[in-house]
Amino acid sequence: MSDSTEEILDELFDVIEDRKERLPEDSYTASLFTHEKGQNAALEKLGEETTEFLLAAKDEDTEEMAHEAADIVYHLLVVLSIHDMELADLREELADRR
Ligand SMILES: N=c1c2ncn([C@@H]3O[C@H](COP(=O)(O)OP(=O)(O)OP(=O)(O)O)[C@@H](O)[C@H]3O)c2ncn1[C@@H]1O[C@H](COP(=O)(O)O)[C@@H](O)[C@H]1O
């Protein structure tokens, strides 16, 4: 178990890729890959979590902001994976802006 932000994101993305490949029945992540709505299921969750984050920020509720930010990051990574993108694509884009 590792603790740096980068290691946690790498680990989470690996888990998402594993669920995409194995599609375990009891996995919420797998359900997003097989949903009858297609990618819209994950996109709608991303939108909902973003709205919840905005509301938490307006309330200056930093605990809730952290919770919703984690939901956003998770669903964002799922959408990247749906499109067969890699975490490296995001990393490179951010690095290019430095
Ligand atoms: N990071 C997440 C993660 N974040 C959110 N979610 C799920 O996303 C859904 C969010 O839906 P909702 O907003 O309706 O649920 P909620 O908890 O009431 O949401 P809020 O009100 O808090 O916004 C819930 O079912 C959460 O369990 C996640 N499900 C899984 N993961 C990661 O994915 C891994 C694999 O999980 P499984 O695919 O379930 O095996 C886990 O170990 C986690 O690391």
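A short reminder: the numbers here are calculations on the coordinates, not readings from a lab. The structure presented is a predicted model; accordingly, all values stated were derived computationally and were not measured. Glycine also receives a Cβ, built like all others from the backbone with ideal geometry; neighbour counts cover every protein chain displayed.
Dipole check for the chain: with +1 at the C-beta of Lys and Arg, -1 at the C-beta of Asp and Glu, and the Cα centre as origin, the magnitude is about 360 Debye. Normalised by residue count, segment 5-96 yields a Cα convex hull volume of 111 Å³ per residue.
Our helix-only sum for the chain, with -39,500 (n - 2.57) per DSSP H run of n ≥ 4 divided by its residues, gives a mean residue ellipticity at 222 nm of -24500 deg cm²/dmol. Summing +1 for each Lys or Arg and -1 for each Asp or Glu among the other residues whose beta-carbon sits under 14 angstrom from that of Ile82 gives -2. Stretched out straight at 0.36 nm per residue, the stretch from Leu90 to Asp14 would grow longer than its current Cα-Cα span by 25.9 nm. Computed from the C-beta positions of Glu60 and Glu6 and an R0 of 35 Å, the FRET efficiency is 0.80 to the nearest 0.05. Nothing charged except the Cβ atoms of Lys and Arg (+1) and of Asp and Glu (-1): what's the magnitude of the dipole of segment 22-78 about its Cα centre? Round to the nearest 20 debye. Magnitude of the dipole: close to 420 debye.
Take every pair of alpha-carbon atoms less than 8 Å apart whose residues are at least six positions apart; their mean separation over the length of the chain yields a relative contact order of 26 percent.
Considering only Lys37, Lys58, Lys20, give the residue with the highest GNM mean-square fluctuation for the chain, with springs between Cα atoms whenever their separation is below 10 Å. Looking only at Lys37, Lys58, Lys20, the biggest GNM fluctuation is shown by Lys58. A simple rule links phi to the HN-Hα coupling: the Karplus curve 6.51 cos²θ - 1.76 cosθ + 1.60 with θ = phi - 60°, which for segment 27-41 gives 9, 4, 4, 4, 5, 6, 7, 10, 5, 5, 7, x, 5, 4, 4 Hz, with x for Gly and Pro.
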